[in-house]
Each structure stands twice: as C-alpha cells, then as structure tokens.
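Asker: Quick one: structure below, then a few questions.
The values are calculated or read from the model by the stated rules, or taken from the named source; none is laboratory data. As the structure is a prediction and not an experimental result, all values here were calculated from the model. Here the Cβ positions follow ideal geometry from the backbone for every residue, glycine too, while neighbour counts run over all protein chains shown.
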Amino acid sequence: MGKLRQLALQNVVPILFTVLCVSGIIAARADISLPILANDIVTRLSRNLFLVLSLIIPVVAGMGLNFGIIVGAMCGQIGLIVVENQGASGLGAFFAAMGVSIPFSLIFGWLTGLLLNRAKGREMITGMILAFFANGIYQAVFLLMAGPVIPLHNQRILLDGGIGLAITIDLIGTGGQLDRLLRPSIPFMGLPLFIPVATFIFIALLCVALRGYLRTKSGQELRAVGQDMHVAEISGINVDRTRMRAILISTVLGGLGQIIWLSNIGTMNTFQSHEQVGPYAIAALLVGGATVAHATIWHAILGTLLFHTLFQVSPIAGQILLGSAQIGEYFREFVAYAVIGVTLALHAWRTRRS
Amino acid sequence: MKRVSKAWVRGILLTGLVSFAWACSGGGETSDSADSSQAADDGKLPFKIGLMTGTVSQGEDEYRGAEAVIAQYGADRIRHVTYPDNFMTEQEAMISQVLNVAADKDVKAFILAQGVPGSMAAIKRVREFRPDMKFLVYEPHEDPHQIADYADVCIMPDNLKRGETIVDLAKEMGAKTFVHYSFPRHMSQELISRRAKIMEERCASQGMKFVFANAPDPTGDQGLPGAQKFILEDVPRQVKQYGQDTAFFSTNCGMQEPLIRSSADNHAIMPEQCCPSPTHGYPGALGIAISEEDAGDMGAIRQAIHEKVAEAGNTGRMGSWPVSVGMVAIEALTELAIKAVEGETGIADQASVASELQTAAKAEVTVLPFEDKQNYYMFLIESVVF
C-alpha cells in the first residue's frame, strides 16, 4: 500500500494530466469526433516528438531544460529557407534542408554552449533570454538583409520590394515530404486513421541512437557531469567540453525537429514559428513526468501524448461546460499552464524534501 | 523491480486514456445525428456553418459579429469556436479547432475571421478528408497570393486604398504631420508595408510630413502592455515635436485604445483605426459604457462617441467607419456561405460579394479585386467624422 502511494506520488503529474484528458473527453464527447481526435493526436505525436526528444541530453548533463532549443529551431528554418529559395522539391529537398541546418546549428550551438558554460546553475533562464536575443538577430537578418545582402532571389518567399522575407512561406518543396513517404491508413470508426510510418521510423531511429549514445563512454561522462560536476571534474572529465557536447547535440536535434514540425504543418511563419517550440516541447516533457534533473524517452512520449491530447480536448470541453466559445479558449490556457506550474512547484518541493 | 512497476503505471495510464476515449465515442455520434434531423424539421438551415473568430480580448468586432449570426441562425447551426489569443505562437491549437469542427459532416462551409496564420495549413488539412468544404476568409494574415489558391473567397478592407483615403481624411481634418506606428513583424506583411509606402507618397503629394515611428511588437518580450505603454508615452512626445496638427495611425489592434485616448487628451488627429469601426478602441479609450440593449446598435454608439469627443474638445478631428467592419464582414460571409452550400454559383463574383457587404453594412461599399485574383476582394466603406 505504501509502495502504491509512493508510485502515485512519483507520477502525480502524468496521473493528473490523464485524469484531465479523460474528463475532458467525457465532457466534450457530444462535440468531439473521436476519429479526428485520434488522427490529430497521431499527427501531433509525429510532429512534436522529435523536438521533445532533443531536450533529453541537456537534462542528463545536468543543464536543465534547454530553452536555447529555439536557436536550433531557427537554424532548422534557415535550412528550409535556403532550400525553398532554390525551388527544390521532394524528399531530397527535405533532407537537404536538414543538411543545411546542421552547420548552422553547430556554430550557434557552440556559441550557446560557450554562454551556458559561463552561466552554470542558471542555464534555463540564460537560455530563455538568449532565445529572445537570437530572435532579434534572426528578425534583423531576414527582414533587412534577405535580398540585398543574403542572395535570396525566389520571389515566392520574398516581400514585393525584394527586401525581407514574406511573413509566411508555403513550404511547397519540403512540406509533408517525410509524412507522405509511407502513410498507410487504417479504418477507425468510419474515417481513415492515417499513420505517418516514415516519420515514426525516423523518430524511432533517434530514440535508439539516444539510448545507444547514453551507454557509450561519452554518454556516461554526460551522466557523471549531470550527477555532480565537481566529482566529474576530479575524476578527470572535462566538464565544459562535455556540457558543450550536450548543447551541440540538442541544438542540432532541435533544428532537425523543427524541420519535421514545419514540414508537417506545411507553412512556415517566418518570424514566429520558432518561438512556440521551446515552451511547448518543455511543457510536454514535464507533463510526461520528467523533471529538470531527470528525463527519459518514455517521459517524452507519454508527455507529448498527454499534453497534446489536453490541448485538443480542453477548448471544446470548456466550451461545452461553460457555454461560450471564448471561455473554452481561456479554459485551455488556464488548465494547461496551471498544470505546468504545479509540475515545477512539485519538483521544487520534492527537491527540498529530499 | 522499480523499473517494472514504473512501466506498469505508464501502461495503465495509456490504456486508461484509450479505453475511455472508446467508451465515450458512442454518445458523441448519436447526439450529432439527432441534432441534424431535428433541425431539418424545424425549417432551420439543413446544414451547419463553422465559424472561427478571436476572443473579445483580441478584437471584439468579430466576436460580436459571430454572436449576431448565431442569434439569427441558432447556436446549433453556427458552430462557433475561437482561435487562441496568442495565435502567432499557438498555431497547432488553431488548426485542431478547425479540424474538429470540420469533422462534423453537417458542417458544409467554414468562415475564418480573421484568417490568422495557420489558416492555409488548416484548409489543406481539412480538404484531405472534406474536399467539398467551402472556406471563406475575412482579413487573411497570410500572403494574399498564397491563400487565394486555397480559400473559396477572401475579403478584407481595402488597406492599400486606405493608404490614400486615411491620409486625405487627415488632411481634411487639418493635419500637417502624419505619424505611422508599426514594428518589423507587421512591416513584413506585404499589404501593411505597401500601405505604409502609399501613405508616405500620398503625404508627400499632399504636402504633409510622414513620420515612421517604431513601436514595440506586442507579441514580443514586452507583450501588449509594453506596446500600449509606449504609445501612451510617445504620442505626447510626438505632439510636442510636431504640434497638435499631427495625425496618428497604428497598424496594431491592441494599440488603438491608448492611441485614441492620448490623441483625444493631446488634441491630436486620429483619422481612422487599423480596423475601422466605432466599437474598435473608442468605447474603451473614451470610457463609453455600452449597455446590453445598445450592444449592436451602431447609431447609439456613434452618438456616444460624438459626445465624448466633444467633451474632450476634439470635435472634427477623430474618425472611423460608420459600422463595425468585422461584424459586417461576418454577416456578409455567412450569407455567401449559405448560398454557396445551397448550390448557388458565382459566390466569388465581385457583384455578389459587393451586394452582400452592402446589405450587411447598410451603407455605400466599394469592392475591388486584389490584383488579378478573382476570389480575393478589398472593400471600402465611407468614413464618419466625430
């Protein structure tokens, strides 16, 4: 009995979210279509999981939740902009965008790593502010320099004056490429349920790679640094280099994840798409039961599933329960962020207790 | 042992979720079909229309427009949902809302007002399983050339032409300087940046000074409060520099209220809001309480604004459109949507769009196609000066 109670306490956040999701579905059942809900959840899993997984390595390395992932997302978008500018199309274009994003991710990830190594213990808030800073530079570069300085010439992605990128870019060449590759459907309550198998295989490969990497010597060093920097340093591990490695991996994966995300959506909000990445991926990871000090692949999968189910269900549930379209929207915001707040508070409480 | 039990907990959570979902499914479908058969008997619309607007905190006009059409056709015929307040960053939530409404087979047309970013993606997704769905978009935020390929009809106030009419109106009100508030993200929207250029040229030809003032982005780090505070502080500065005969214009909805208030306080000129309507910014800025029975009565609201502007000693220096453009657009699009579903052809024609807008506005409306697009229209309603 005591054991069960302990288990429940340990998993209080996922349990709370499951209860919320289930009660949301029950409340909204008159207005919600289950096949659409199922399709949307599968799509959102395939769309978001890669990004959420890219957060795991810095957590293992004791750097907390990498809010700097937004920098990676920007690099992913640079890849997409370059490829769309060339007018390339197809699966090749999709992977080319990934290829283009990696060197940028490495450069900016390295700079992020330098900064975070000077801000040990405050990585999360530093990463968050860094993202605001990087956003300013990104806007300046693509609003003022795209066209005259950076040789972008495709009129489809540029503003009419030829200077600056359009606010939205329809990803004609790269959109949906990986998803369409292998997307069988199974009948589910009268409507087809599409499963983007190729995307899931890609994500599974990442899971295997992450697991494998964490078992290598380099991965073990990450763990050691994550557990205690001081002890790791004494046992001969170069702490700064190990932390740098964690951020580099996370930034590169963040860039690739953003390309998967945008390619699935099909259009890119040139100046804002990256902003939503950090908080949402982090929230999803926390919802899965991860903490700033401990995160696994399972946390990522469960968290993405629960977080996005709630996001889908709660506005409709709120609308039905409270009888107004806009209250449904406020209900969603309130519920989702309240639970995230509770997650962080619980973690602080537990750390203090132990 | 610990690992195993953890896996168990996760397994139970997942199965619980899935099985509950299955269990609830029956209820949903029966109630839907019951709804539609009953509605057909009542002589109401035999189909439903999906309608997405912002919440009142984003912009009241569209929400009130939605309430008006719901009052006319019934809440069971118009499925009204709202997009997130933070629509720029919560695109996924917006797409999900559209998908969920579109899953209802009785919904035959969908009105997006406004067409916030994500609209194109949402239309593409819905058409995957509902190729017959009609999409009517008011004020698309996305690139006009791109969205016109996906939507059936797009309408928006003629923002390019307004570049000229607003400056002309400011001139008539006695302006010598024209201050244009915006920020880089807005200036990357093609129509807004083109309008700014048109305003600048028009000012030059009218012998007025054009000032481009950079304001903080309300979706940026300072948020809307930061942007509003900036406007309240900056208008007196500009008036001090250029004198009271300065006209102010801002491209952002959230900035209208502080802009109107400080224009009235400083006896400056405010020719028109970004989205012209008597209800946009004026009631909040001038402290006008709209009673329940006056909520949709534009005449009463205009009269109240007249009185408040006179009290502030700024008569003849503040203006807007006589009706709420958001409300008019939603009413007109709803009528067009009904006609489209009933099989009437040519709903995207200039003439039918113009006639529906005119009926809804009860005023003179000019409608012109955007460049060569035959389903993307821009309209203008004559101004009113308070």
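Asker: Tell me yes or no: at least one residue of the range B:221-236 is over 23 Å from B:L169 (Cα atoms) and buried (at least 22 other Cβ atoms within 10 Å of the Cβ).
Answerer: Yes: one or more hits.
Asker: Separate question: So which residues in the range B:285-332 are in contact with a strand residue (DSSP E or B) (Cβ under 7 Å, 6 or more places away or on another chain), over 25 Å from B:H80 (Cβ atoms) and in a loop (DSSP other than H, G, I, E, B)?
Answerer: Once the filter is applied, which keeps residues that are in contact with a strand residue (DSSP E or B) (Cβ under 7 Å, 6 or more places away or on another chain), over 25 Å from B:H80 (Cβ atoms) and in a loop (DSSP other than H, G, I, E, B), the range B:285-332 yields B:G316, B:R317, B:P322.
Asker: So which of B:E311, B:E344, B:E331, B:E257 is surrounded by fewer than 24 Cβ atoms within 10 Å (Cβ to Cβ) and modelled with pLDDT under 90?
Answerer: Details: B:E311 fails: modelled with pLDDT under 90; B:E331 fails: modelled with pLDDT under 90; B:E257 fails: modelled with pLDDT under 90.
Exactly one of B:E311, B:E344, B:E331, B:E257 is surrounded by fewer than 24 Cβ atoms within 10 Å (Cβ to Cβ) and modelled with pLDDT under 90, namely B:E344.
Asker: Take the residues in the range B:70-80 that are more than 26 Å from B:A348 (Cβ to Cβ) and aliphatic (A, V, I, L, M); name whichever of them is farthest from the other protein chains (Cβ to nearest Cβ).
Answerer: Restricting attention to the range B:70-80, the residues satisfying the condition of being more than 26 Å from B:A348 (Cβ to Cβ) are B:71, B:74-76.
Still in the running and aliphatic (A, V, I, L, M): B:71, B:75.
Values: B:A71: 14, B:A75: 9 Å.
Selected residue: B:A71.
Asker: For the condition assigned to a helix (DSSP H, G or I), touching a residue at least 24 places away in the same chain (Cβ under 8 Å) and surrounded by fewer than 24 Cβ atoms within 10 Å (Cβ to Cβ), what is the one hit in A:L302, A:L248, A:L253, A:L306? Give the derivation first.
Answerer: Details: A:L302 fails: surrounded by fewer than 24 Cβ atoms within 10 Å (Cβ to Cβ); A:L253 fails: surrounded by fewer than 24 Cβ atoms within 10 Å (Cβ to Cβ); A:L306 fails: surrounded by fewer than 24 Cβ atoms within 10 Å (Cβ to Cβ).
So the residue among A:L302, A:L248, A:L253, A:L306 that is assigned to a helix (DSSP H, G or I), touching a residue at least 24 places away in the same chain (Cβ under 8 Å) and surrounded by fewer than 24 Cβ atoms within 10 Å (Cβ to Cβ) is A:L248.
Asker: State all residues of the range A:112-125 that are in a helix (DSSP H, G or I), surrounded by fewer than 20 Cβ atoms within 10 Å (Cβ to Cβ) and touching a helix residue (DSSP H, G or I) at 6+ places or on another chain (Cβ under 8 Å); if no residue qualifies, say none. Let's see the steps before the verdict.
Answerer: Filtering the range A:112-125 down to residues in a helix (DSSP H, G or I) leaves A:112-118, A:123-125.
Subset that is surrounded by fewer than 20 Cβ atoms within 10 Å (Cβ to Cβ): A:114-115, A:117-118, A:124-125.
If the condition is that a residue be in a helix (DSSP H, G or I), surrounded by fewer than 20 Cβ atoms within 10 Å (Cβ to Cβ) and touching a helix residue (DSSP H, G or I) at 6+ places or on another chain (Cβ under 8 Å), then A:L114, A:L115, A:N117 are the ones that fit.
Asker: Count, please, the residues in the range B:356-368 that happen to be crowded, with 16+ Cβ neighbours inside 10 Å and farther than 21 Å from B:Y63 by Cβ. Walk me through how you get there before you give the answer.
Answerer: Keep residues of the range B:356-368 that are crowded, with 16+ Cβ neighbours inside 10 Å, which gives B:356-358, B:360-361, B:365, B:367.
If we keep only those that are farther than 21 Å from B:Y63 by Cβ as well, we get B:358, B:365, B:367.
Selection size over the range B:356-368: 3.
Asker: Among the residues of the range A:328-338, is there at least one that is touching a Lys or Arg at 6+ places or on another chain (Cβ under 6 Å), facing chain B (nearest Cβ under 9 Å) and in a helix (DSSP H, G or I)? Working first, answer last.
Answerer: Narrowing the range A:328-338 to residues touching a Lys or Arg at 6+ places or on another chain (Cβ under 6 Å): none.
Within the range A:328-338 (the criterion being touching a Lys or Arg at 6+ places or on another chain (Cβ under 6 Å), facing chain B (nearest Cβ under 9 Å) and in a helix (DSSP H, G or I)), the answer is no, since none of the residues qualifies.
Asker: Let me ask something additional. Every residue in the range B:194-218 that is among the small types (G, A, S) and surrounded by 14 or more Cβ atoms within 10 Å (Cβ to Cβ), please. It would help to see each step written out before you state the result.
Answerer: Of the range B:194-218, the ones among the small types (G, A, S) are B:196, B:204-205, B:207, B:213, B:215.
Matches in the range B:194-218: B:A196, B:A213, B:A215.
Asker: If you don't mind, there's one more thing I want to ask. Pairs, please: C-beta under 6 Å, at least 6 apart or cross-chain, first residue modelled with pLDDT of 90 or more and in the range B:213-225, second surrounded by fewer than 18 Cβ atoms within 10 Å (Cβ to Cβ)?
Answerer: Within 6 Å, the pairs are B:P216/B:Q222; B:P216/B:G226.
Asker: Starting from residues that are assigned to a strand (DSSP E or B) and within 9 Å of chain B (Cβ to nearest Cβ), keep the ones in the range A:165-193 and report whichever is surrounded by the fewest Cβ atoms within 10 Å (Cβ to Cβ). Walk me through it before giving the result.
Answerer: Residues of the range A:165-193 assigned to a strand (DSSP E or B): A:165, A:168-170, A:185-188, A:191-193.
Those left that are additionally within 9 Å of chain B (Cβ to nearest Cβ): A:165, A:168-170, A:191-192.
Numbers: A:L165: 25, A:T168: 27, A:I169: 27, A:D170: 23, A:L191: 17, A:P192: 14.
The residue in question is A:P192.
Asker: Also, I was wondering about something else. Filter the range B:177-209 for residues that are part of a strand (DSSP E or B) and not aromatic (F, W, Y); which is farthest from B:F230 (Cα to Cα)? Talk me through it step by step, then tell me what you get.
Answerer: The first filter runs over the range B:177-209 and keeps only residues part of a strand (DSSP E or B), leaving B:177-182, B:209.
Checking which are not aromatic (F, W, Y) leaves us with B:177, B:179-180, B:182, B:209.
Working: B:T177: 20, B:V179: 14, B:H180: 14, B:S182: 12, B:K209: 22 Å.
Residue satisfying both the conditions and the ranking: B:K209.
Asker: Which of the numbered conditions does A:L45 fail, given that it passes all the others? Conditions: (1) in contact (Cβ under 8 Å) with a residue 24 or more places away in the chain; (2) at the interface with chain B (Cβ under 10 Å from one of its Cβ atoms); (3) in a helix (DSSP H, G or I).
Answerer: (2)
Asker: Can I ask one more? Can you name the residue in the range A:266-293 that is in a strand (DSSP E or B) and within 12 Å of another protein chain (Cβ to nearest Cβ) and is also surrounded by the most Cβ atoms within 10 Å (Cβ to Cβ) among such residues?
Answerer: To start, the set of residues in the range A:266-293 that are in a strand (DSSP E or B) comprises A:267-269, A:291.
Keeping just the survivors that are within 12 Å of another protein chain (Cβ to nearest Cβ) gives A:267-269.
Numbers: A:T267: 26, A:M268: 31, A:N269: 24.
Looking at the filtered set, the residue picked out is A:M268.
Asker: I've got another one for you. Only one residue in A:M98, A:M63 is over 30 Å from B:R77 (Cβ atoms), outside any helix (DSSP H, G or I), away from chain B (no Cβ under 14 Å) and not aromatic (F, W, Y). Which one?
Answerer: Values: A:M98 fails: outside any helix (DSSP H, G or I).
Testing whether each residue is over 30 Å from B:R77 (Cβ atoms), outside any helix (DSSP H, G or I), away from chain B (no Cβ under 14 Å) and not aromatic (F, W, Y) leaves just A:M63.
Asker: Give the residues of the range A:61-107 that are in contact (Cβ under 8 Å) with a residue 12 or more places away in the chain, β-branched (V, I, T) and within 25 Å of A:R122 (Cα to Cα), sorted by residue number. Before the answer, list the steps.
Answerer: Residues of the range A:61-107 that are in contact (Cβ under 8 Å) with a residue 12 or more places away in the chain, as a first pass: A:61-91, A:93-94, A:96-102, A:104-106.
Add one more test, that the residue is β-branched (V, I, T), and what stays is A:69-71, A:78, A:81-83, A:100, A:102.
The answer is A:I69, A:I70, A:V71.
Asker: Filter the range A:176-214 down to residues that are modelled with pLDDT of 85 or more and small (G, A, S) and give me whichever is nearest to A:I265 (Cα to Cα).
Answerer: Residue satisfying both the conditions and the ranking: A:A198.
Asker: Of all residues in the range A:7-27, which are over 14 Å from A:G289 (Cβ atoms) and either within 7 Å of another protein chain (Cβ to nearest Cβ) or modelled with pLDDT under 80 (or both)?
Answerer: A:C21, A:V22, A:I25, A:I26
Asker: Sticking with this one: Could you go through the range B:220-237 and let me know if any residue there is charged (D, E, K, R) and in a strand (DSSP E or B).
Answerer: Start the filter on the range B:220-237 by keeping residues that are charged (D, E, K, R), which leaves B:221, B:229, B:233-234, B:237.
When the remaining residues are screened for being in a strand (DSSP E or B), the result is none.
The answer is no; no qualifying residue exists.
Asker: A:L16: in contact (Cβ under 8 Å) with a residue 40 or more places away in the chain, crowded, with 19+ Cβ neighbours inside 10 Å and in a helix (DSSP H, G or I), yes or no? So that I can check it myself, show each step before the final result.
Answerer: Values: in contact (Cβ under 8 Å) with a residue 40 or more places away in the chain: yes; crowded, with 19+ Cβ neighbours inside 10 Å: no; in a helix (DSSP H, G or I): yes.
Spelling it out, it is not the case that A:L16 is in contact (Cβ under 8 Å) with a residue 40 or more places away in the chain, crowded, with 19+ Cβ neighbours inside 10 Å and in a helix (DSSP H, G or I).
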